[in-house]
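The values are calculated or read from the model by the stated rules, or taken from the named source; none is laboratory data. Computed from a predicted model, the values in this text were never measured in an experiment. Here Cβ is always computed from backbone atoms with ideal geometry, including for glycine, and neighbour counts include all displayed protein chains. Just the protein is used for accessible areas: all its heavy atoms, side chains included, with ligands, DNA and RNA removed. Shrake-Rupley method; radii C 1.70, N 1.55, O 1.52, S 1.80 Å.
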Amino acid sequence: MSAVEAVEGTPVDQVRQIRHGLLRYAVTKAGGALLSIAMVIVATFFLFRLLPGDPVRALAQGRNMTPEQLDLERARLGLDKPIPEQFVHFVTQTLRFDLGVSYEYKRPVVDLIGERIGSTLLLTGTALVMAVSLGLWQGARAGWKPGSRFDKISTAISLVLWSVPTFWLGLLLLMVFAAGNGPIPGIFPTRGSSSVDKPDGFAGVLDVGVHMVLPCLTLVAVVYAQYLLVMRSSVLDEVGQDYITTARAKGLRDDDVRRKHAVPNALLPTVTLVFMRIGFVVGGAVTVEAIFSWPGLGQLFYEAIRVPDFTLMQGTFLLITVSVILMNTLADVVYHLLDPRVRSA
């Protein structure tokens, strides 16, 4: 053993212990996530088969099909087999990352998801960035001066918007700012992610941005309150700390103390919340996309429910729920990595 190792033996051992503890924690969380995904796979299959409606008859609407033809179509889709056999087939397919073929579109579900996931990521990603930025900024200011006019107004508005049902707010924005109401003209498009004659270049990007205003605003309005409240609470906890008093005693400007000292230390709970909310924002986009006919996974899932298209529902639902589970697991690991109090517990 060298002299350096002898002197720094304890710190090295501590680093190894931290790495070993983090790895063990991550493996434990990964095992829990796999168990949750397995339960979701089982629940997904049986949940959607409780929905009313016959997919074969729904697909046969407007077509004069005999009972024999309906039976042949049911056999083609594999719906004539016993439920246990259908379940085993579904599980084996899923484990091979094969989500089957859509009843309605007659195309692989993976291909349909691949075509729509970009639109969902664009909408939810933009909404998440805006919600996080707005929530952190307002939460930091409100927590720094609790009881101020800004604190009361921003907190009240965020709580009201948070309590409003997403579908109701979306419909309200659609009726007022898209369809027009009274003296307010219809400013924004009512549906879709682009115009029928979508222009090229920068004009095309601008066209998509205009279509995205109302659905993005709906998602931001119902999400940002959580970041505001968590950030406000974290800043309130930091305000009374000794290092804040010391920084103020040194004569630092109040804004500098808040921005350089209080806010960085208050970000930890919000960072983990961001990871946790990524999956939930994707799931919450189902309602918004259905209202504004945004061509993403939410709209695809809504179209599958109307048939009902079992394979398409299963595929989109699995993707959404698995993303929530993975983001929650990642949030736990990140929190464990960043907070030494959790590692030492």
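Quick one: accessible area per residue over the range 196-282, 1.4 Å probe, rounded to a whole number of Å²?
Working: 4390 Å² over 87 residues.
Here the residues of the range 196-282 average 50 Å² of exposed surface.
Quick check: with the 1.4 Å probe, what order do Phe301, Phe97 take by accessible area, largest first?
On the way: Phe301 30, Phe97 175 Å².
Accessible-area ranking of Phe301, Phe97, largest first: Phe97, Phe301.
Could you tell me what percent of the accessible area of the chain is made up of carbon and sulfur, with a 1.4 Å probe and every protein chain present?
On the way: 12380 of 19230 Å².
Heavy-atom surface of the chain belonging to carbon and sulfur, 1.4 Å probe: 64 percent.
Along each of the three principal axes of the Cα atoms of the range 203-345, give the extent in whole Å, ordering the values from largest to smallest.
66, 43, 23
Sorting check: for 28-41, 125-138, which peptide has the highest mean count of neighbouring beta carbons within 10 Å, and how do the rest follow? Present the calculation step by step, with values, prior to reporting the outcome.
Working: 28-41: 14.2, 125-138: 19.5.
Averaged packing, sorted descending, gives the order 125-138, 28-41.
Can you list the lysines whose alpha carbon sits under 18 Å from that of Lys145, skipping same-chain ones fewer than 8 residues off?
Leaving aside lysines fewer than 8 places away in the same chain, those within reach of Lys145 are Lys260.
When you take every Cα atom in the range 168-243, what is the radius of gyration, and what is Dmax, the widest Cα pair distance, in Å?
18.8, 61
Find the centroid of the Cα atoms in the range 29-62 and in the range 160-192, then give the distance between the two in whole Å.
That distance is 32 Å.
For the chain, report the translational diffusion coefficient in µm²/s to the nearest whole number, using Stokes-Einstein at 20 °C, 1.002 mPa s, and a Kirkwood Rh over Cα pairs.
Using the Kirkwood radius from Cα pairs, D works out to 90 µm²/s.
Could you pull out every residue, at least 5 positions away or on a different chain, whose amide H is within less than 5 Å of the one on Val101? Hs are placed 1.01 Å off N in the peptide plane, and Pro or chain starts have none.
Close amide H contacts, sequence-distant or interchain: Val109.
Relative contact order for the range 187-345 using alpha-carbon pairs under 8 Å, separation at least 6, rounded to a whole percent?
Values: 131 pairs, mean separation 36.2, N = 159.
Answer for the range 187-345 is 23 percent.
So which DSSP H runs in the chain come out at 27 Å plus along the axis (Cα) with average Kyte-Doolittle of at least -0.5? Write out the running numbers ahead of the final one.
Values: long enough: 9-48 (58 Å, 0.86); 109-144 (49 Å, 0.95); 201-239 (48 Å, 1.38); 263-292 (39 Å, 1.58); 310-338 (41 Å, 1.54).
Answer set is 9-48, 109-144, 201-239, 263-292, 310-338.
For a quick check of your reading of the filter: which trypsin sites (Lys or Arg not before Pro) in the range 86-178 sit in a DSSP loop and have no more than 12 other Cβ atoms within 10 Å?
Arg96, Lys106
Kindly provide the pair-distance distribution of the range 73-195 built from C-alpha pairs, with 10 Å bins from 0 and whole-percent values in order of increasing distance.
Binned Cα distances yield the sequence 10, 21, 23, 21, 16, 8, 2.
Under 8 Å for C-alpha pairs, at least 6 residues apart: give me the relative contact order for the range 150-274, rounded to a whole percent.
It comes to 24 percent, rounded to a whole number.
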